[in-house]
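First comes the structure, then the notes that go with it.
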Amino acid sequence: METIHWEISKQLSNQSIYQEAAKLLQKGECVAFPTETVYGLGADATNQAAIQKIYTAKGRPSDNPLIVHIARREQMDQFVESYPPKAIQLMEKFWPGPLTLILPLIKDSLAANVSAGLSTVGVRMPEHPVSLDLIKTANIPVAAPSANRSGKPSPTTAAHVIEDLDGKIAGIIDGGPTGVGLESTVIDCSQETPVILRPGGITKEQIERVIGPVKVATNSTTETEQPKAPGMKYTHYAPKAPVYLIEGSSKFWQSEIDKVEAAHKKLGILATKELTSSLSTNAVIQTTGSTRALEEVATSLYNGLRAFDHADVDVIFAEVYPETELGAAIMNRLEKAAGNRRISE
């Protein structure tokens, strides 16, 4: 398949791009586009064959449900059965934005493979102007997981999408680098006390200031359980080389680095500038930003993980962050990338 590449212009009208891409979506094809979180791979959420193309292109397990993206709240009325009061409060506060709500699904209103057979569906309204304009032009609900091969670090630039999916999908809209850099927060609003299934750009603390106490699900789902949201069951966000979370002082880091380098292995380090400046090493270093600005760390995380594949490293050491506010989402992604491999002082 030949993949069409479009580039969004800041100076000129992009309506012809949206119309061309929207026609492909309406015809049952897959189109990648930027959101404020990561690049998404979109298809018509009512078309089962189109949704299957997402699973095929990504190599994604079929029991891993997809998130449906909308441009107007009234679009949900055709597939959402009811709106719990707390869900409405969250929509009013955080939409458009990086928050996905799990809501009760009207039976047979969407393609069955969107929800992977569940009685609920994840919905969000993205904040990025490109995704909003595309969905408005297509005038259909668009199911869209991250636009990468399943298990790999998520794409935050069009170049990442091209690397993984060129020739496998109908089109890619290049809207520049994404902002948040991590997937949306997913919160299950279908039960009395909402449950955060995946932390993201909207933090637990922000949510609780709006609707009161919420629960947080464990990071994983067992082999026999069906995940209710993306990112709960399978290995995700992982580069080719094994990732180890290193928890300890800079002196401890240095001792672990020395062990790897003594074994003549090529090391990659993913850490903040405060930590990397204190280390003596020949490692390939991807600096994530500052410990004082976790937004920088979130934005650069996937780009750093992907860079190690091109550097051909043997092992990767990653810094550990406090699991509060945005740190919870960063650690969720790092623990998935590392398969929970951790070396502590």
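Charged neighbours of Tyr302, selected by a Cβ distance under 11 Å, balance to +2 (K, R count +1; D, E count -1). Taking Leu12, Leu90, Leu103 in turn, the Gaussian network model of the chain (Cα-Cα springs below 10 Å) assigns the largest fluctuation to Leu12. The length gained on full extension between Arg341 and Ala311, counted as 0.36 nm times the residue separation minus their Cα-Cα distance, comes to 8.7 nm. Computed extension length for Ser278-Ala263: 3.2 nm, one decimal, from 0.36 nm per residue of separation with the Cα-Cα distance subtracted. For the chain, adding -39500 (n - 2.57) for each run of n ≥ 4 DSSP H residues and dividing by the number of residues yields -9500 deg cm²/dmol at 222 nm.
Only one of [x] 20.5; [y] 21.1; [z] 19.6 was calculated from the structure for Kirkwood radius over Cα pairs in Å, and its label is [x]. For Lys168, the aspartates and glutamates whose Cα comes closer than 19 Å to its Cα, not counting residues fewer than 8 places off in the same chain, are Glu2, Glu7, Glu20, Glu29, Asp44. Checking the cross-link pairs Lys259/Lys336; Lys27/Lys240; Lys93/Lys152; Lys23/Lys336 against a 26 Å limit on the alpha carbon distance flags Lys27/Lys240; Lys93/Lys152; Lys23/Lys336 as lying beyond it. Check which residues have an amide H placed less than 5 Å from Thr100's amide H, if you skip close sequence neighbours. Answer set, sorted by chain and number: Thr185, Val186, Ile187. Backbone geometry of the stretch 322-330 corresponds, through the Karplus equation with coefficients 6.51, -1.76 and 1.60 at θ = phi - 60°, to 3J(HN,Hα) couplings of x, 8, 10, 6, 5, x, 5, 5, 4 Hz, x marking Gly and Pro. Checking every one of the GluC sites (Glu not before Pro) in the stretch 1-82 against DSSP loop status and a limit of 12 other Cβ atoms within 10 Å picks out Glu2. Please compute the length gained on full extension between Asp166 and Glu192, using 0.36 nm multiplied by the number of residues separating them and subtracting their Cα-Cα distance. Taking Asp166 through Glu192 to full extension adds about 5.1 nm, to one decimal. Considering only Pro213, Pro98, Pro145, give the residue with the highest GNM mean-square fluctuation for the chain, with springs between Cα atoms whenever their separation is below 10 Å. Ranking Pro213, Pro98, Pro145 by mean-square fluctuation puts Pro213 first. For the stretch 124-208, the equivalent ellipsoid built from the Cα gyration tensor has semi-axes of 26, 16, 13 Å, listed from largest to smallest. Amide H contacts of Ala32 (H built 1.01 Å from N, in plane; Pro and chain starts excluded): Gly42, Gly171, Ile172, Ile173 sit under 5 Å, all sequence-distant by 5 or more or on other chains. With θ taken as phi - 60° and the Karplus curve 6.51 cos²θ - 1.76 cosθ + 1.60 applied, the whole-hertz 3J(HN,Hα) list for the stretch 114-123 is 5, 8, 6, x, 6, 8, 10, 9, x, 10 Hz, x standing for glycine and proline.
Pick out which of Pro104, Pro239, Pro84 has the largest mean-square fluctuation in a Gaussian network model of the chain, springs linking Cα atoms closer than 10 Å. Of the options given, Pro84 has the highest mean-square fluctuation.
Strictly over 30 Å apart at the Cα level, which of Lys86/Lys107; Lys58/Lys86; Lys58/Lys107 would you flag in this model? Where the Cα-Cα span goes over 30 Å, the pairs concerned are Lys58/Lys86. Over 17 Å apart: what share of the alpha carbon pairs of the stretch 85-172 falls there, rounded to a whole percent? In whole percent, the share of Cα-Cα pairs in the stretch 85-172 beyond 17 Å is 62. Between the amide H of Ile269 and those of Val284, Ile285, Gln286, Phe317, distances stay under 5 Å, these residues lying 5 or more places away or on another chain, with hydrogens modeled in the peptide plane.
The trypsin sites (Lys or Arg not before Pro) of the stretch 94-188 meeting both criteria, a DSSP state outside H, G, I, E and B (loop) and at most 14 other C-beta atoms within 10 angstrom of the site's C-beta, are Lys107.
Here, each number is a calculation from the coordinates, and none is a lab measurement. Since the model is a prediction, treat every value here as computed from it, not as a measurement. Quick reminder, even Gly has a Cβ in these numbers, built from the backbone with ideal geometry, and neighbours come from all protein chains shown.
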